[in-house]
Amino acid sequence: MTSPRQSSAIPSSLFTLATLMTSVPLSLLPTPTLSQSPDQCTPDIINTGCDPSNTTYCTLHCTLHGSTYLSDKCCKHYGITASLLAFEESALWIPRIDEYQKCTGANIRLQYVEGGEDFMGQALLDDVGESEDETTGQGIYDAYIVQAPWLPPVYGGLKSLSEYIKLNDEYINFMDINQASRSAVSFDGEVRALPLDADYIAMGWRQDVFNAHKDAYFEKYGEELKVPTTIEELVDVSEKLNGFDHNGDGEGDWGFCLTPQTNYFNAFLSPVMQTHLKECEQKGDGSYDCSRGANTGQNIFFDVDNFDPLIFNEGFKYAVELYTRFVQASNCQTETPAGQKCDRKSAFPTGRCAGVISMPGTLTNLLSENDSYSIPPEYRLSSALEPGQYHGRRARFPGSTKVVDWKIGGMPLVDCRGAVCPLAEDGINYAPFFAEGGESYALNGRQSKPSATDAMWDMFTWLAELPVGNIPLSGVYRRSQLTDEATQELAEMLNNTVMADDLHDVLVHFFKNDDEGGNQVQDLFIIGFDDYNDALDTELHQNLIMADINDGGLFDMANPRNSINSVTNKAEFDYRYNRFVEALARRYQEVNAKADGGALHQLYLWRGALDLRPAKTEFEICQDLLATDVESFDNLNCLNVVQLETLCQSQRSDVEEYAPGTCKTNNDNSTIIIAVLCSIVGAGVVAFVVYYTYKRYQNYRRITMAHEQLMESTLNEAIRALHQLDYPLHLIRGDEFIDEGKLIRHEVLRNNHKLTVLDSLSDVDAFITAGQHVVFFSHQWTSFTVPDPSNNQYETMCISLRELVKQNGWSENLKDVFVWVDFSCIPQANPSTQNLAIRSLAAYASSATYFIIVAPD
């Protein structure tokens, strides 16, 4: 569905559901019972109740649209009233609710929020209440039509649907729903809403315009006019088509059209910033397998380790440069100076747009034959179309030939190739931006009566089984809706085969799962979504791209062709861009400061929204930052959640480096306590020494026998340990081992996804057979708290590792060499798992390709 990301804020004291709701009661018929007339299509209404034994009636009304879910639920909810709160009207609601009522007997009352989706987020918060405060919420409604950005503040008050889905998955088929929509409604490992729609950014282009101008375009620019496949081409083609006549009125028109919103900027940003969601391994044929790797944490908004905004890098600037040029060649060049809103919906029907970028619902309306937003026949260049062609075409949003390299500090902009861009298609990185998540159905989990909850859930499940054209507010959102049969049905519904085929071709790419090379970009589903979005919209559009050059912006209101961009005036563009980025960073900091728990809690929420594994608590986030990024440790105010003294045992060197002397006091106190305890124990030893000496001879023979049994048991255990793992083998890749600069604690490497895990000896054998090399380092701890305070042993390990690679002719990038060293590969924080790993030491050592004893002078 289409939806601007701006939202209107109003004082909460003035906001009540009573003033914002427009009631639309849909008790269209009294709860029905049939008179015994088998051929009746509309039953006589008998007010004495519903009769589930009337099989004719139940079959007629409970098996509509090919669905079977309601076939055993005739009259199940007779006498139950439930209320549904929605934000966008649809003509399909009335017939669907009427059909559901006739089958189940439920009376569903539908109400709309006055003002539409701009006020739905606040209405949802008012009715459900805050996620972490069960005392809030008015509890007037039993169910809601929602979008994902509204869920973070309230998801704790919504019913978890995970168990419901599990029990009804033969009808819902949850995994058939595209991955991006599923992720958008999942929080803390629980599904909080049922997606029945998908929202993403796609591109529309005009076949008639491209046909009509291809010769003149080639003559003018010396190149073929092609449908853009990259954002670089999209901007270039839009600029070059700007000035051609697209509607036959003899006047120059625009390039591609848009409504300047952050959704569309994010669509430009996505293929530059996000290249793969999971770590990838290169296969023998040179391709990459990204199906089993650890999460990369890549996204387009905030760093998942420290919550720094991802705006101070070359990729972000590159996207702003291209997007600025795109806007300047669009309908905005005419509408904005005239004091009008720059709007694709008003621009496209004029026939002056060569193409358009939009969300799926609006894009369908724009490209349709007869819609309020479509181009009238008189404004089309229909004579340029060949037989079988259609003027309004759809294509997936273009990718990028340039991407950021996440592995290099500062995230420089590089060509899309090799390991930095493992999912590339012909050197192009595609990353579709799924804006806002689409419409979903949610249940009130606090105040709703169980009977009303059950009635609404049955309706939602029934809707999930219906053909997409029969579901209110829905578009294609399932993978099963991409079959040839489903595409043909869609073509019949649209009365347009070309549009159905185009939509199919777009979504085949957009709906790929991770294991199929999918690279969907998720929106910012955390508390403060509207505030972050408003900050970007204000600084990017109002204060930079659409602001007059005399007011510090880039747009020349007097002569739009003289507007500033990175091509026409790079120095001035860079100066104004730098001011924009600094202002945006300040706005983001203000949003963080307003949030409960500050930036640290926002980081915790963002990691949860991205479903990063392993999950980290705020304490664990700070614990890792203390070892790797002290500046971010301070910026996130980690001392509010971490007491340094508690980390003296597990991270003594990190604590002492950050706050010298913190652990010394602990040791002094411990020494005093130990001395006192030793004195007491010593006295006890003296008291019992005579008794011990007397019993010693008597126990001698028993001890001797026990010793022999222990030796035998130890030998048996050692032999057993050689043939199985009590704890998985953890390894760190050679290049990452050297890049760390010192021995890093196991838990830090684990939480940063830098450990390779092999669960069994057969996995180890397969690993080595595949050409990987395992190097086992044995060394002596030179301190009671850290293994190598001088770093001498670590440096010796690095030298020996490089020498071993050289002697054996292995790849010098060290990516085929994996290191085992105790501090990094054995758990340090959990004694139980540590003991299991220690019991597996013999198996670890015997599995290694090389065993190296480290003993520097």
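The values are calculated or read from the model by the stated rules, or taken from the named source; none is laboratory data. What you see is a predicted model; the values in this text were computed from it and never measured. Ideal geometry is used to build each Cβ from the backbone, glycine not excepted, and the neighbour counts take in all protein chains shown. These accessible areas exclude ligands, DNA and RNA; they are computed on the full protein's heavy atoms, side chains included. Shrake-Rupley method; radii C 1.70, N 1.55, O 1.52, S 1.80 Å.
GLU314 fails exactly one of the following numbered conditions: (1) open to solvent by 20 Å² or more (accessible area, probe 1.4 Å); (2) touching a residue at least 40 places away in the same chain (Cβ under 8 Å); (3) more than 30 Å from PRO412 (Cβ to Cβ). What is the number of that condition?
The failed condition is (3).
Give GLY438, GLY469, GLY392 a once-over and let me know the one that is within 25 Å of the chain's Cα centre (by Cα), within 29 Å of PHE348 (Cβ to Cβ) and either open to solvent by less than 40 Å² (accessible area, probe 1.4 Å) or modelled with pLDDT of 95 or more (or both). Show your work before the answer.
Values: GLY469 fails: within 25 Å of the chain's Cα centre (by Cα); GLY392 fails: within 25 Å of the chain's Cα centre (by Cα).
Only one candidate qualifies: GLY438.
For the stretch 800-857, which helices (runs of 4 or more DSSP H) that fit wholly inside it have 3 or more residues that are of a type in the set (Gly, Ala, Ser) and at negative phi? Quick ask: steps written out before the conclusion?
Values: elements: 822-825, 831-839, 841-847.
Helices (runs of 4 or more DSSP H) meeting the threshold: 841-847.
Return yes when LEU600 is free of Cβ contacts under 8 Å to residues at least 12 places away in the same chain, in contact with a Phe, Trp or Tyr (Cβ under 9 Å, 6 or more places away or on another chain) and assigned to a helix (DSSP H, G or I) and no when it is not.
Working: free of Cβ contacts under 8 Å to residues at least 12 places away in the same chain: no; in contact with a Phe, Trp or Tyr (Cβ under 9 Å, 6 or more places away or on another chain): yes; assigned to a helix (DSSP H, G or I): yes.
So LEU600 does not fit the description; no.
Residues of the stretch 410-425 being more than 23 Å from the chain's Cα centre (by Cα) and either hydroxyl-bearing (Ser, Thr, Tyr) or within 22 Å of GLY293 (Cα to Cα) (or both), which ones?
ARG417, GLY418
Of all residues in the stretch 742-766, which are free of Cβ contacts under 8 Å to residues at least 40 places away in the same chain and either surrounded by 16 or more Cβ atoms within 10 Å (Cβ to Cβ) or outside any helix (DSSP H, G or I) (or both)?
Across the stretch 742-766, the qualifying residues are LYS754, VAL757, LEU758, ASP759, SER760.
Would you mind finding the one in THR324, THR296, THR334 that is among the β-branched types (Val, Ile, Thr) and at pLDDT below 95? Walk me through it before giving the result.
Numbers: THR324 fails: at pLDDT below 95; THR334 fails: at pLDDT below 95.
Result: THR296 is the single residue among THR324, THR296, THR334 that is among the β-branched types (Val, Ile, Thr) and at pLDDT below 95.
Go over the candidates SER480, SER474, SER451 one by one and state the one that is open to solvent by 40 Å² or more (accessible area, probe 1.4 Å), touching a helix residue (DSSP H, G or I) at 6+ places or on another chain (Cβ under 6 Å) and of a type outside the set (Phe, Trp, Tyr). Talk me through it step by step, then tell me what you get.
On the way: SER474 fails: open to solvent by 40 Å² or more (accessible area, probe 1.4 Å); SER451 fails: touching a helix residue (DSSP H, G or I) at 6+ places or on another chain (Cβ under 6 Å).
On inspection, the qualifying residue turns out to be SER480.
Can you name every one of the helices (runs of 4 or more DSSP H) wholly within the stretch 106-224 that holds 2 or more residues which are more than 29 Å from PHE511 (Cα to Cα)?
On the way: elements: 117-128, 162-167, 169-172, 179-184, 207-221.
Helices (runs of 4 or more DSSP H) meeting the threshold: 117-128, 207-221.
Cβ-Cβ distance below 9 Å, separation of 6 or more or different chains: which pairs start in the stretch 631-652 with a residue that is within 19 Å of PHE823 (Cα to Cα) and end on one that is of a type in the set (A, V, I, L, M) and surrounded by fewer than 17 Cβ atoms within 10 Å (Cβ to Cβ)?
GLN649/ALA829; SER650/ALA829
Name the single residue, out of those in the stretch 236-255 being assigned to a helix (DSSP H, G or I) and in contact (Cβ under 8 Å) with a residue 12 or more places away in the chain, that is farthest from LEU225 (Cα to Cα).
First, the residues of the stretch 236-255 that are assigned to a helix (DSSP H, G or I): 236-241.
Subsequent filtering for residues that are in contact (Cβ under 8 Å) with a residue 12 or more places away in the chain retains 237-241.
Details: VAL237: 8, SER238: 11, GLU239: 12, LYS240: 10, LEU241: 9 Å.
Among residues in the stretch 236-255 that are assigned to a helix (DSSP H, G or I) and in contact (Cβ under 8 Å) with a residue 12 or more places away in the chain, the one farthest from LEU225 (Cα to Cα) is GLU239.
Looking only at the stretch 533-560, filter to residues that are within 19 Å of PRO337 (Cβ to Cβ) and among the β-branched types (Val, Ile, Thr); which one of those is most open to solvent (accessible area, probe 1.4 Å)?
Selected residue: ILE549.
Which condition does SER847 not pass, out of (1) at pLDDT below 90; (2) open to solvent by 70 Å² or more (accessible area, probe 1.4 Å), if it passes all the others?
Every condition holds for SER847 apart from (2).
Restricting attention to the stretch 230-253, which residues are touching a strand residue (DSSP E or B) at 6+ places or on another chain (Cβ under 6 Å) and closer than 24 Å to PRO377 by Cβ? Walk me through how you get there before you give the answer.
The first filter runs over the stretch 230-253 and keeps only residues touching a strand residue (DSSP E or B) at 6+ places or on another chain (Cβ under 6 Å), leaving 230-231, 238.
The answer is none; no residue qualifies.
Residues checked against (1) of a type outside the set (S, T, N, Q); (2) crowded, with 22+ Cβ neighbours inside 10 Å; (3) modelled with pLDDT under 95; (4) farther than 30 Å from LYS73 by Cβ:
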position	(1), (2), (3), (4)
PRO360	yes, yes, yes, yes
ASN365	no, no, yes, yes
TYR373	yes, no, yes, yes
LEU381	yes, no, no, yes
VAL404	yes, yes, no, yes
GLY410	yes, no, yes, yes
ALA419	yes, no, yes, yes
TYR430	yes, yes, no, yes
ASN444	no, yes, no, no
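Before we move on, is VAL356 open to solvent by less than 10 Å² (accessible area, probe 1.4 Å), at negative phi, modelled with pLDDT of 95 or more and not in a helix (DSSP H, G or I)?
Details: open to solvent by less than 10 Å² (accessible area, probe 1.4 Å): yes; at negative phi: yes; modelled with pLDDT of 95 or more: yes; not in a helix (DSSP H, G or I): yes.
Considered against the rule, which asks whether it is open to solvent by less than 10 Å² (accessible area, probe 1.4 Å), at negative phi, modelled with pLDDT of 95 or more and not in a helix (DSSP H, G or I), VAL356 comes out as yes.
Can you find a residue in the stretch 94-101 that is open to solvent by 50 Å² or more (accessible area, probe 1.4 Å) and not aromatic (Phe, Trp, Tyr)?
Going residue by residue through the stretch 94-101, those that are open to solvent by 50 Å² or more (accessible area, probe 1.4 Å) are 94.
If we keep only those that are not aromatic (Phe, Trp, Tyr) too, we end up with 94.
The answer is yes, given that some residue of the stretch 94-101 is open to solvent by 50 Å² or more (accessible area, probe 1.4 Å) and not aromatic (Phe, Trp, Tyr).
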